[in-house]
Amino acid sequence: MRAVLTRVKSASVTIDGNVVGKIGQGFLILLGVTHEDTEAQAVKLADKLAGLRIFEDEDGKMNRGLETVNGEILVISQFTLYGNCRKGRRPDFLAAARPEVAIPLYEKFVQVLRDKDIHVETGEFGAEMLVESINDGPLTLVVDTDQLNV
């Protein structure tokens, strides 16, 4: 699994002209799933991201986590995170998991976050979405489960 996490002041997702998810301060997480990903990886990645301390304290150091700032999370499924641009001019997405694999892992990831009493909003898997965010910093991290030894 691969996540692109951006610290935001606010973020929202719109589908067919309707806002379906909206958060204040917190994380916008774009989540990609590949073929060999597992439920254990979904849990580990959710735990890792939920525990990140990337909000500044009164001394300007990144010492605060989501719980300290009453942060929220907006999770957007993003199969294009596994786009391959090595050849030609049009990326292929062969490494992205098919919906029958990706949807349960995406849902597990979201549920683990919610089980931590974090307010989580989502887009809709496979839908055309318009995502807006006001980035804070900006601070953006790319976290891959290959880096987490799962």
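The values are calculated or read from the model by the stated rules, or taken from the named source; none is laboratory data. These numbers come from a predicted model, not from an experiment. Ideal geometry is used to build each Cβ from the backbone, glycine not excepted, and the neighbour counts take in all protein chains shown.
Here are the numbers:
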| item | result |
| --- | --- |
| Set GLN41, GLN25: member being out of contact with any strand residue (DSSP E or B) (no Cβ under 9 Å at 6 or more places or on another chain) and surrounded by 16 or more Cβ atoms within 10 Å (Cβ to Cβ) | GLN41 |
| Answer residue from the range 97-126, given it is of a type in the set (Gly, Ala, Ser) and surrounded by 14 or more Cβ atoms within 10 Å (Cβ to Cβ) and is nearest to GLY83 (Cα to Cα) among those | ALA97 |
| Index of the failed condition, ILE103 passing every other in (1) within 20 Å of ILE15 (Cβ to Cβ); (2) out of contact with any Phe, Trp or Tyr (no Cβ under 6 Å at 6 or more places or on another chain) | (2) |
| Selection count where residues are small (Gly, Ala, Ser), at pLDDT 95 or above and over 17 Å from ILE134 (Cα atoms), scope the range 51-79 | 3 |
| Failed criterion for LYS48 (all others in (1) closer than 15 Å to VAL142 by Cβ; (2) modelled with pLDDT under 95 hold) | (2) |
| Qualifying residue in the range 112-120 (condition: within 17 Å of VAL4 (Cα to Cα) and in contact (Cβ under 8 Å) with a residue 40 or more places away in the chain) | yes |
| Test set (1) surrounded by fewer than 18 Cβ atoms within 10 Å (Cβ to Cβ); (2) in contact with an Asp or Glu (Cβ under 8 Å, 6 or more places away or on another chain); (3) within 15 Å of GLN41 (Cβ to Cβ) - ASN63 fails condition number | (3) |
| Residue under evaluation THR68, criteria (1) surrounded by 14 or more Cβ atoms within 10 Å (Cβ to Cβ); (2) out of contact with any helix residue (DSSP H, G or I) (no Cβ under 8 Å at 6 or more places or on another chain); (3) of a type in the set (S, T, N, Q), criterion not met | (1) |
| Of all residues in the range 1-22 being within 19 Å of LEU141 (Cβ to Cβ) and of a type in the set (Ser, Thr, Tyr), the one that is surrounded by the most Cβ atoms within 10 Å (Cβ to Cβ) | THR6 |
| Meets criteria (within 13 Å of the chain's Cα centre (by Cα) and assigned to a helix (DSSP H, G or I)) for VAL8 | no |
